[in-house]
Amino acid sequence: MRLVKSEDEIEKIKRACRLTADTIKEVGKHIRVGVSTKELDEVAYRYIKAHGGKPACLGYNGFPASICASINDEIVHGIPKDYRKLKDGDIITIDLVVKLDGFCGDSARTFLVGNVDPAVRKLVEVTEQSFFEGIKDIKSGSYVGDISSAVQTYVEKHGYSVVRELEGHGIGHSMHEPPEVPNFGHAGGGEKLVSGMTICVEPMVNMGRRDVVFLDDGWTCVTKDGLPASHYENTILIRDDGVEILT
Ligand code: MF3
Ligand code: CO
């Protein structure tokens with residue numbers, strides 16, 4: 001697989017990413033106490049379709065929805081349900097992939113529902129900031145391990161832990177392409193990043209211990225200790241002098 005994209009492919013990936021970002025924003029407008037995760041899924045489905053895209057999660061390895069909706073101790077890959085309604089003080093991660101004109105965009109955000117405990121709000125802020133710490137010094141010639149190490153260092157400095165069972169990834173025609181982009185590791189390790197590569201950087205951060213459990217539904221990944229987790233993801237483009245955030 002050719003991991004360096006042509007300028008024409010990059011243009012298409014950028015358009016897919018723009019729709020991805022707009023869809024998450026649209027879903028975000030509907031997040032409030034009492035809304036079900038199924039309703040949020042329908043918002044995303046309709047918005048993506050109305051803009052000529054395809055919800056790439058829907059049917060992916062049998063995943064039954066257009067978004068992943070993960071509440072509180074659910075880290076990622078929560079399945080939307082009509083009986084799962086948001087409550088005051090919840091946090092919810094919306095993770096979605098849009099396919100447009102043959103190319104994918106992938107992004108995730110953790111939203112606050114009503115009055116969230118300041119300690120949990122801090123977790124969400126640190127998770128988001130860990131993404132920016134991860135990409136801060138990245139440019140063509142950097143290594144994946146430079147991202148991994150910067151994310152891990154920042155997260156652990158705040159007393160939280162990074163999930164190790166799941167990781168970021170390259171993206172293009174498919175939502176998951178090489179290289180793998182873990183949220184832990186050593187600077188200088190892993191694949192070399194070069195201009196024109198498109199990758200997803202997605203720290204998954206647990207407030208407590210890093211251990212996870214996969215539920216019997218085959219998808220939902222939760223924290224073993226039941227404490228909350230947060231997730232933040234963008235698709236980025238590697239350039240000679242830095243990175244561009246596409247979502
Ligand atoms: N951003 C998620 C990932 O990279 C998207 C998963 S969609 C699903 O794993 F179809 F796998 F649910
Ligand atoms: Co992803």
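The values are calculated or read from the model by the stated rules, or taken from the named source; none is laboratory data. Quick caveat: nothing in here was measured; it's all calculated off a predicted structure. Heads up, the Cβs are rebuilt from the backbone with ideal geometry, glycines too, and the neighbour counts pull from every protein chain shown. Side chains are part of the model used for accessible areas, which takes the heavy atoms of the whole protein and leaves out ligands, DNA and RNA. Shrake-Rupley method; radii C 1.70, N 1.55, O 1.52, S 1.80 Å.
Summing Lys, Arg as +1 and Asp, Glu as -1, what charge do residues with Cβ under 13 Å from the Cβ of Ser130 carry, Ser130 excluded? Around Ser130, the charge tally is -3.
For the chain, the mean residue ellipticity at 222 nm estimated from helices alone is -9500 deg cm²/dmol, where every DSSP H run of n ≥ 4 contributes -39500 (n - 2.57) and the total is divided by all residues, rounded to the nearest 500. A DSSP coil position with no more than 15 other Cβ atoms inside 10 Å describes the following trypsin sites (Lys or Arg not before Pro) in region 37-146: Lys81, Lys87, Lys136. With K and R counted +1 and D and E -1, the other residues having a Cβ less than 9 Å from that of Ala229 yield a net charge of -2. Each of Ile48, Gly62, Val162 was scored by the projection of its Cα onto the charge dipole of the chain, and the greatest displacement toward the positive side belongs to Ile48; charges sit on the C-beta of Lys, Arg, Asp and Glu. Shown here for region 46-153: chymotrypsin sites (Phe, Trp or Tyr not before Pro) in loop regions (DSSP other than H, G, I, E, B) with at most 10 other Cβ atoms within 10 Å, namely Tyr83. Among the listed pairs Lys5/Lys136; Lys5/Lys85; Lys14/Lys139; Lys25/Lys122; Lys49/Lys157, those with a Cα-Cα distance over 30 Å are Lys5/Lys85; Lys49/Lys157. Based on protein heavy atoms only, the chain ends up with 43 Å² per residue of surface accessible to a 1.4 Å probe.
Net charge within 13 Å of Gly185 by Cβ-Cβ distance, Lys/Arg positive one each and Asp/Glu negative one each, not counting Gly185 itself? So the surrounding residues net to -4.
Restricting the GluC sites (Glu not before Pro) of region 74-165 to loop positions (DSSP other than H, G, I, E, B) with no more than 14 neighbouring Cβ atoms within 10 Å leaves Glu165. Report the Cα centroid-to-centroid distance between region 104-162 and region 1-23 in angstrom, as an integer. Cα centroid to Cα centroid, the span is 22 Å.
Taking the protein heavy atoms of the chain in the context of the full set of protein chains, the accessible area attributed to carbon and sulfur is 48 percent at 1.4 Å.
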